[in-house]
1. Quick check: anything in the stretch 55-68 modelled with pLDDT of 80 or more and out of contact with any helix residue (DSSP H, G or I) (no Cβ under 9 Å at 6 or more places or on another chain)?
2. Quick check on the stretch 1-40: of everything there that is closer than 27 Å to Ala124 by Cα and in a strand (DSSP E or B), which residue is modelled with the lowest pLDDT?
3. Please specify each residue of the stretch 124-173 satisfying the condition of being in contact with a Lys or Arg (Cβ under 6 Å, 6 or more places away or on another chain) and surrounded by 18 or more Cβ atoms within 10 Å (Cβ to Cβ).
4. Do the conditions hold for Asp112, that is, is it modelled with pLDDT of 95 or more and among the acidic types (Asp, Glu)?
5. Restricting the first residue to the stretch 44-66 and requiring it to be free of Cβ contacts under 8 Å to residues at least 24 places away in the same chain, which pairs with a second residue that is assigned to a helix (DSSP H, G or I) and of a type outside the set (S, T, N, Q) meet a Cβ separation below 6 Å and a spacing of at least six or different chains?
6. Just need a number here: residues in the stretch 131-173 that are closer than 22 Å to Ser17 by Cα and either part of a helix (DSSP H, G or I) or in contact with a Pro (Cβ under 6 Å, 6 or more places away or on another chain) (or both).
Amino acid sequence: MAKKQVAQPLTHGTLVSLPGGRVGEWISEAEEGTSFRTEHFRTVDSLGLLMRNGAITAQMHDAGQDFSRTFVFAQLSSAGSPPLDRIPGGHWQDTMTERCAWARKRLGEALDAVGGISSPGGCAVWHVAGLGQSVKEWSAQEGWNGRTLNQYEAKGILVGALGVLAVHYGYSR
């Protein structure tokens, strides 16, 4: 007869697989001045995992986060703020705000720096840093010249593109 496996309690920093192929980190923090602890899951993004594993530097991570933030300001992310031109009662003259237009211009410049949106590097930062896909998800849906993209090749493409973005945004030389 097989022994029942007893679930071990989670410790701070444990990575757990979540639905949808996402990764969560178990956070356990002591509340200052009390004996209570706050415990919760925090979704780990792909850039955070790459930095934790030493595949990218802090400057590359910051450049990817900057791209991601600009992506949201450009209203290209489904998780971003709603377009202000759809607010009822407002009499907007333009179809987008100045911040959105500036963000789209900045995204275009960043994509040009990594070779354009149709280049492997541009596609990588668009999908992973912009849309928040994992490297594995992006590699499964992409391919060039009729062949699929290996997950490890995709990681290399992303790392190279993040290195160029770090220079473009002025995080490194």
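1. Going residue by residue through the stretch 55-68, those that are modelled with pLDDT of 80 or more are 55-68.
With out of contact with any helix residue (DSSP H, G or I) (no Cβ under 9 Å at 6 or more places or on another chain) added as a condition, the list becomes none.
Within the stretch 55-68, none of the residues are modelled with pLDDT of 80 or more and out of contact with any helix residue (DSSP H, G or I) (no Cβ under 9 Å at 6 or more places or on another chain).
2. Looking at residues that are closer than 27 Å to Ala124 by Cα and in a strand (DSSP E or B), I get Val23.
3. Going through the stretch 124-173, the residues in contact with a Lys or Arg (Cβ under 6 Å, 6 or more places away or on another chain) turn out to be 135, 151.
Once the filter is applied, which keeps residues that are in contact with a Lys or Arg (Cβ under 6 Å, 6 or more places away or on another chain) and surrounded by 18 or more Cβ atoms within 10 Å (Cβ to Cβ), the stretch 124-173 yields only Val135.
4. When the stated conditions are applied, Asp112 passes them.
5. Cβ pairs passing all conditions: Met51/His61.
6. The number of residues fulfilling the criteria is 11.
The values are calculated or read from the model by the stated rules, or taken from the named source; none is laboratory data. Since the structure is predicted, the reported quantities are computational estimates derived from the model, not experimental observations. When we count neighbours, we look across all protein chains shown, and the Cβ atoms used for this are built from the backbone with ideal geometry, even at glycine.
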